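This structure is in structure tokens; I'll ask about it shortly.
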2 protein chains.
Amino acid sequence: MEGNKRVSIIDVAKKAGVSIATVSRVINRNGGYSKETEERVRRTIEECGFTPNVNAIGLRTNRSNSIGVIVPDITNEFFARIIRELDAFLLSRRYSLLVCNSNEDYMLENMHIKGLAEKHVDGIIYISGQNEIKKMNEIKGLPIVYIDRAPKNAEVLILSDNETGGYLAGRELIQKGCRRILFLRDIRYASTVRSRKEGFVRALQEKGMAFSEELEMSCFPEYAEARVVLERLLKEKGCFFDGIFATNDMMALACVNVLTENQIKVPGQVKVVGFDNISLTQFTSPQITTVAQDTKELAIHAADTILKMIEDEEIKQKRTIIPVRLVVRETT
Amino acid sequence: MEGNKRVSIIDVAKKAGVSIATVSRVINRNGGYSKETEERVRRTIEECGFTPNVNAIGLRTNRSNSIGVIVPDITNEFFARIIRELDAFLLSRRYSLLVCNSNEDYMLENMHIKGLAEKHVDGIIYISGQNEIKKMNEIKGLPIVYIDRAPKNAEVLILSDNETGGYLAGRELIQKGCRRILFLRDIRYASTVRSRKEGFVRALQEKGMAFSEELEMSCFPEYAEARVVLERLLKEKGCFFDGIFATNDMMALACVNVLTENQIKVPGQVKVVGFDNISLTQFTSPQITTVAQDTKELAIHAADTILKMIEDEEIKQKRTIIPVRLVVRETT
DNA sequence: CTGAAAGCGCTAACAA
DNA sequence: TTGTTAGCGCTTTCAG
């Protein structure tokens, strides 16, 4: 804690023998200075170890060079990957990330939004969350980009091609010989899940197969819940199906494990496809066939879009769909 | 974008018919105002939807109410859990988190540190990273708390009781009948891993068992790498051991899978213990016995400590050790 | 108990 | 090409 005082633009100006305006100009590359002056100022900045005070800049310009990210659960690998990519991309643009974990909790989310507004973030990237966003006073006029889930009143949206994902999953199962495919979905039935079902049904119809209600099951999208559902189904009705499409990988894994424990061979008797391609799917045996969402692309598009909105560029593409791909492994 | 201008303390003061100083006082609960004045000001603040401008506050007070967190890989559940807890705890103290993913990359890490310094964070929580931190100019005087790994020149440190963790793992294996236990460790041999080994060896010695070099293997701590190492070992020397202690869960899982694929029964012939208690360990079959680190405690201590340092309180406990516990599941 | 006013570090309009 | 200067919104002395 010695010589605590930070060096300011004034110190630099004095030391370089110019005015603070000039220093400011070269920092911001605004032009209007000679080559020599620039050289001298830059050297001085270097020597003093000067770094601009973002609070002062923010106060003046109403900008903070930071972006808020709200995510339901950072512990979920899918979301964590998006954050990692956002972080990498935005660092290169000299932005930083204020990360907020909403825990899917409405109150927490609102507190975080307030906090972000107070912190004067330049924009918010909303990774999933509620199905309807209440536009709070605090964030009126603040650029917001939604990823993944699509709240009703969202304006700018980046999502995976869930419909095609469902289709690919269905087609894979059918091609590998399945005729009665169970559809195990997130009980909350968000727009993403609905799209996956649509694609899945399309694949069925393409082969003249009908989708029947009794083949659809739902549960809270977690390992333990999915286990319970499948165990009960097996006990009550036996193994009357030969394929399962689960709307996420944790549920798919639960199915594989329950099946195996019940001496039902995977993929011999029943084939399974998941969704998300979390790394876990490679570490199980058998490894799980799944639909991969392109988290990197999702993140980069979101970051790019929010930056454009911050610069007041017009966003012509309000809704971007990122392609998915099928990753065939050992459960099909 | 209508009526864009944010309401400031001046607006509130005018509307409440007091001076800005008074408004400031009640906001900060600094005392020196009557009950009535306070009441009136509070109501006005409410009515206007006033939120203080943190940039202005930061400029005045040299505080930002934000804390930087540097983490090697947010995609790793162990780190993600810590961030989640930090976020929850710090939100309640009106701090926000600037999250930086270092990717274990030296250059990236330094860029992030610079960014954090410019952003005027009030402190930095350093979750692991290099083994030696170069104190950069930018962060002199900035409170830093290290979690998990212990760089040489770290002053304040929060870590898990890795020694006991290793001991518990060893004892569990021995109690369940193991006599030749393989020690599979992270090849980088950080201080955490060294402690785990020490505890493990202590458990051995307690039972009069010796630790022999040929029982120690190392690799980059990932699923695929661990697989390769164990597969080769099995091919070259056969299954000459009856237990494995792996220094993280991914390696433990790799062992279980390789063993199973080679018709070696787990836990029948070989028992396995991992480290970290990531959620994956419950989703495999057999479920993996492991040593749980208390991420919540780790996070809360770190947050609490950094807050104290920010308040210039003296930190008497420079080095805090958080207890671990053994979670017995199906591989032992 | 309350108010006036200085000033934190910076940008941008205006002058020169 | 460069300098001067008025604030941005807030906290905090100092006076009253």
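In the list A:ILE278, A:ILE300, which residue meets the criterion of being under 16 Å from the mean Cα position of the chain (by Cα), assigned to a loop (DSSP other than H, G, I, E, B) and crowded, with 16+ Cβ neighbours inside 10 Å?
Checking each option against the conditions leaves just A:ILE278.
Could you figure out which of (1) within 16 Å of DNA strand C (Cβ to nearest atom); (2) under 29 Å from B:SER92 (Cα atoms) isn't true of A:MET107?
The number of the failed condition is (1).
Consider A:ASN65 against the criteria (1) in contact with a Phe, Trp or Tyr (Cβ under 9 Å, 6 or more places away or on another chain); (2) crowded, with 23+ Cβ neighbours inside 10 Å: it satisfies all of them except one. Which criterion is unmet?
Going through (1) in contact with a Phe, Trp or Tyr (Cβ under 9 Å, 6 or more places away or on another chain); (2) crowded, with 23+ Cβ neighbours inside 10 Å one by one, A:ASN65 breaks only (2).
Within the stretch A:58-75, does at least one residue satisfy the condition of being on the phi < 0 side of the Ramachandran plot, within 16 Å of DNA strand D (Cβ to nearest atom), free of Cβ contacts under 8 Å to residues at least 40 places away in the same chain and in contact with a helix residue (DSSP H, G or I) (Cβ under 9 Å, 6 or more places away or on another chain)?
The answer is yes, given that some residue of the stretch A:58-75 is on the phi < 0 side of the Ramachandran plot, within 16 Å of DNA strand D (Cβ to nearest atom), free of Cβ contacts under 8 Å to residues at least 40 places away in the same chain and in contact with a helix residue (DSSP H, G or I) (Cβ under 9 Å, 6 or more places away or on another chain).
From the list A:ALA13, A:ALA80, which residue is within 9 Å of DNA strand D (Cβ to nearest atom) and not in a strand (DSSP E or B)?
Only one candidate qualifies: A:ALA13.
Next up: Filtering the stretch A:1-51 down to residues that are within 11 Å of DNA strand C (Cβ to nearest atom), surrounded by 12 or more Cβ atoms within 10 Å (Cβ to Cβ) and among the charged types (D, E, K, R), which residue is nearest to A:THR61 (Cα to Cα)?
A:ARG25
In the set B:ALA16, B:ALA56, which member is within 9 Å of chain A (Cβ to nearest Cβ) and not charged (D, E, K, R)?
Going through B:ALA16, B:ALA56 in turn, just one is within 9 Å of chain A (Cβ to nearest Cβ) and not charged (D, E, K, R): B:ALA56.
Name the residues in the stretch B:222-262 that are farther than 23 Å from B:LEU326 by Cβ and within 13 Å of chain A (Cβ to nearest Cβ), would you?
Listed by number, the residues that qualify are B:GLU222, B:ALA224, B:GLU225, B:ARG227, B:VAL258, B:GLU261, B:ASN262.
Still on this structure, please answer the following. For the structure I just gave you, tell me whether B:ARG40 is farther than 23 Å from A:ALA117 by Cβ, basic (Lys, Arg) and either within 8 Å of DNA strand D (Cβ to nearest atom) or away from chain A (no Cβ under 14 Å) (or both).
It is true that B:ARG40 is farther than 23 Å from A:ALA117 by Cβ, basic (Lys, Arg) and either within 8 Å of DNA strand D (Cβ to nearest atom) or away from chain A (no Cβ under 14 Å) (or both).
What single numbered condition from (1) within 10 Å of DNA strand C (Cβ to nearest atom); (2) outside any helix (DSSP H, G or I); (3) modelled with pLDDT of 90 or more fails to hold for B:VAL69?
(1)
Can you find even one residue in the stretch B:204-220 that is under 29 Å from B:PHE79 (Cα atoms), crowded, with 22+ Cβ neighbours inside 10 Å, under 29 Å from the mean Cα position of the chain (by Cα) and not aliphatic (A, V, I, L, M)?
no
Taking into account only those residues within the stretch A:76-100 that are touching a helix residue (DSSP H, G or I) at 6+ places or on another chain (Cβ under 8 Å), aromatic (Phe, Trp, Tyr) and at pLDDT 90 or above, which is surrounded by the fewest Cβ atoms within 10 Å (Cβ to Cβ)?
A:PHE89
The values are calculated or read from the model by the stated rules, or taken from the named source; none is laboratory data. Keep in mind that what you see is a predicted model, and the values were worked out from it rather than measured. Neighbour counts run over all protein chains shown; Cβ positions are idealised from the backbone, glycine included.
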